[in-house]
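Below: the structure, in structure tokens.
The values are calculated or read from the model by the stated rules, or taken from the named source; none is laboratory data. Bear in mind that the values here come from a model prediction, so they are computed numbers and not experimental data. All Cβ positions, glycine included, derive from the backbone under ideal geometry; neighbour counts span all protein chains shown. For accessibility, only protein heavy atoms count, side chains too; no ligands or nucleic acids. Shrake-Rupley method; radii C 1.70, N 1.55, O 1.52, S 1.80 Å.
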Amino acid sequence: MTTSQFKRLTQDLLDDIAQKARSSPRLRQNYNFHELGEKVQRFINVLQPGTYVRPHRHCRNSGVNGFEFFLVLQGELGMIIMDENGEILNQERVGTSSGTRGVELAEGTYHTLVALTPDTIVLELKEGPYDPTTDKEFLENFPAEGTVAARQLVTTWQSYFTDSIADGDRSMV
């Protein structure tokens, strides 16, 4: 088989993506197995602790399903589900040493991810094609990437998965 017919997910590839994530100002890096116009998006996303994933949801045009599937291949992440006001509805630890290895989110689910260990590697699947202008709808009350407020939120969110904070009202805004 030629390489265009056979794509490999190797440890060398994962190590390379992880190194790029560590060097990135965003502390994360994607590697696409798909072309942007393809019907099925499949990619590796490597997240480092401290990366900020602004809360968002995916709403697609009719005929395209806005689900998103996450399978943690290495490490641990915190998945936080929110309502349209930024109130936390659910939080779950997902990873190789937790009871949950993967999560599928329905279209329209506001969410964010928190990297809990270095080199957290996630396989993501969702329906395409990818259009960067319409792919994500951000919760407006949350800060943009690269701000002090964003870094503070990440620290707060990480504490939900490392501290023994009792469940209760955890409004983010």
Item checked: Accessible area of the chain belonging to carbon and sulfur atoms, whole % at 1.4 Å probe -> 50
Check: In the stretch 38-146, what is the volume of the convex hull around the alpha carbon atoms, normalised per residue and reported in Å³?
Finding: 101
Item checked: Whole-Hz ³J(HN,Hα) from phi, Karplus 6.51 cos²θ - 1.76 cosθ + 1.60, for the stretch 104-116, glycine and proline x -> 10, 9, 6, 3, x, 8, 6, 7, 8, 10, 10, 6, 9
Notebook entry, point to check: For the chain, with only Lys/Arg (+1) and Asp/Glu (-1) charged at the beta-carbon, what is the dipole magnitude about the Cα centre, in debye rounded to 20?
Noted result: 480
Checklist line | Full-extension gain in nm, Arg42 to Lys136, via 0.36 nm per residue minus C-alpha separation | finding: 32.2 nm
Check: Put +1 on the Cβ of every Lys and Arg and -1 on every Asp and Glu Cβ in the stretch 1-134; which of Thr51, Ala18, Gln91 then has its Cα farthest towards the positive end of the dipole?
Finding: Ala18
Notebook entry, point to check: Helix 148-162 versus the longest principal axis of the chain: what is the Cα-based angle in degrees, 0 to 90, to the nearest 10?
Noted result: 90
Notebook entry, point to check: If we sort 114-120, 11-17, 104-110 on the protection proxy, mean other Cβ atoms within 10 Å, highest first, what's the order?
Noted result: 114-120, 104-110, 11-17
Item checked: the stretch 37-73 versus the stretch 75-149: alpha-carbon centroid distance in Å -> 8
Check: Which value at 222 nm does the chain reach when only helices count, each DSSP H run of 4 or more adding -39,500 (n - 2.57), with the total divided by all residues and rounded to the nearest 500 deg cm²/dmol?
Finding: -5000 deg cm²/dmol
Checklist line | HN-Hα J in Hz across the stretch 127-143 - Karplus 6.51, -1.76, 1.60, θ = phi - 60°, x for Gly and Pro | finding: 7, x, x, 7, 10, x, 7, 10, 5, 10, 10, 7, 6, 5, 6, 9, x
Next item on the list: Please tell me the relative contact order of the chain in percent, rounded to the nearest whole number, where contacts are Cα pairs under 8 Å and at least six residues apart.
Entry: 28
Note to self: Just to confirm a number: summing +1 for Lys and Arg and -1 for Asp and Glu over residues other than Gln48 whose beta-carbon lies under 11 angstrom from that of Gln48, what do you get?
What the structure shows: +3
Notebook entry, point to check: How much FRET efficiency would the formula 1/(1 + (r/R0)^6) give for Thr96 and Ser62, where r is the Cβ-Cβ distance and R0 is 41 Å, rounded to 0.05?
Noted result: 0.65
Item checked: Segment Thr156-Asp83, length gained on full extension (0.36 nm per residue, minus Cα span) -> 24.5 nm
Next item on the list: Relative to the longest principal axis of the C-alpha atoms of the chain, give the angle of the C-alpha long axis of helix 11-23, reported between 0 and 90° and rounded to the nearest 10°.
Entry: 50
